[in-house]
1. List pairs: first in segment 12-23 and more than 14 Å from Asp98 (Cβ to Cβ) and without any contact (Cβ under 8 Å) to a residue 40 or more places away in the chain, second of a type in the set (Lys, Arg) and in a helix (DSSP H, G or I), Cβ under 9 Å, 6+ apart or cross-chain?
2. Scan segment 26-48 and give yes if some residue there is in contact with a Lys or Arg (Cβ under 6 Å, 6 or more places away or on another chain), on the phi < 0 side of the Ramachandran plot and not hydrophobic (A, V, I, L, M, F, W, C), otherwise no.
3. Tally the residues that are more than 15 Å from the chain's Cα centre (by Cα) and within 18 Å of Ile134 (Cα to Cα), restricting the search to segment 62-117.
4. Looking at segment 119-137 only, could you name the residues that are surrounded by fewer than 11 Cβ atoms within 10 Å (Cβ to Cβ) and either assigned to a helix (DSSP H, G or I) or β-branched (Val, Ile, Thr) (or both)?
5. If I go through segment 62-107 residue by residue, how many of them are surrounded by 12 or more Cβ atoms within 10 Å (Cβ to Cβ) and outside any helix (DSSP H, G or I)?
6. Go through the residues of segment 11-25 one by one and say whether even a single one is of a type in the set (S, T, N, Q), at pLDDT 95 or above, surrounded by 12 or more Cβ atoms within 10 Å (Cβ to Cβ) and out of contact with any helix residue (DSSP H, G or I) (no Cβ under 7 Å at 6 or more places or on another chain).
7. Quick one: Gln54 ticks every box in (1) closer than 28 Å to Leu137 by Cβ; (2) of a type outside the set (Val, Ile, Thr); (3) exposed (fewer than 14 other Cβ atoms within 10 Å of the Cβ); (4) in contact with a helix residue (DSSP H, G or I) (Cβ under 9 Å, 6 or more places away or on another chain) bar one, so which box is it?
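The values are calculated or read from the model by the stated rules, or taken from the named source; none is laboratory data. Since the model is a prediction, treat every value here as computed from it, not as a measurement. Heads up, the Cβs are rebuilt from the backbone with ideal geometry, glycines too, and the neighbour counts pull from every protein chain shown.
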Amino acid sequence: MWFWYAVLSAVFAALTSILAKAGIEGVNSNLATAIRTVVVVVMAWGMVFLTNTQGGIGAISRKSWIFLILSGLATGASWLCYYRALQLGDVSKVVPIDKLSVVLTLVLAFVFLHEQFTAKSLVGCILIGAGTLIMVL
């Protein structure tokens, strides 16, 4: 089932880029990010209440709180930079560079989470990096 959620994530991420580029024209990138964030917050909390999982807040450990907050800060920084890049550049160039996060994530997962880094992963990282370079030049 994770595979289908990942595919849907990619589809919605692609739509996000196209819709954001169309909507950001004439709008300050920070304001656009704030509007997007409010929509995401309402949607996320709506799902929490729809699935009746709000009772789990008290069971979240201190460690999880710290890492979720840090993740939220990283997400916010990423979104602010992403929207500014979209405002200044072509979506066809911004998105491939943004997707270099795949390469960075694999390296960070290896270093910090001790996940396996295989020859296949290395080849994939090289191809993603090369593909990004080709697309933005």
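1. Close Cβ pairs satisfying both conditions: Gly23/Arg36.
2. yes
3. Residues that pass the stated criteria total 5.
4. Ala119, Lys120, Val123, Ala130, Ile134
5. The qualifying residues number 3.
6. So far as segment 11-25 goes, no, none of its residues is of a type in the set (S, T, N, Q), at pLDDT 95 or above, surrounded by 12 or more Cβ atoms within 10 Å (Cβ to Cβ) and out of contact with any helix residue (DSSP H, G or I) (no Cβ under 7 Å at 6 or more places or on another chain).
7. Only one criterion in (1) closer than 28 Å to Leu137 by Cβ; (2) of a type outside the set (Val, Ile, Thr); (3) exposed (fewer than 14 other Cβ atoms within 10 Å of the Cβ); (4) in contact with a helix residue (DSSP H, G or I) (Cβ under 9 Å, 6 or more places away or on another chain) is unmet by Gln54, namely (1).
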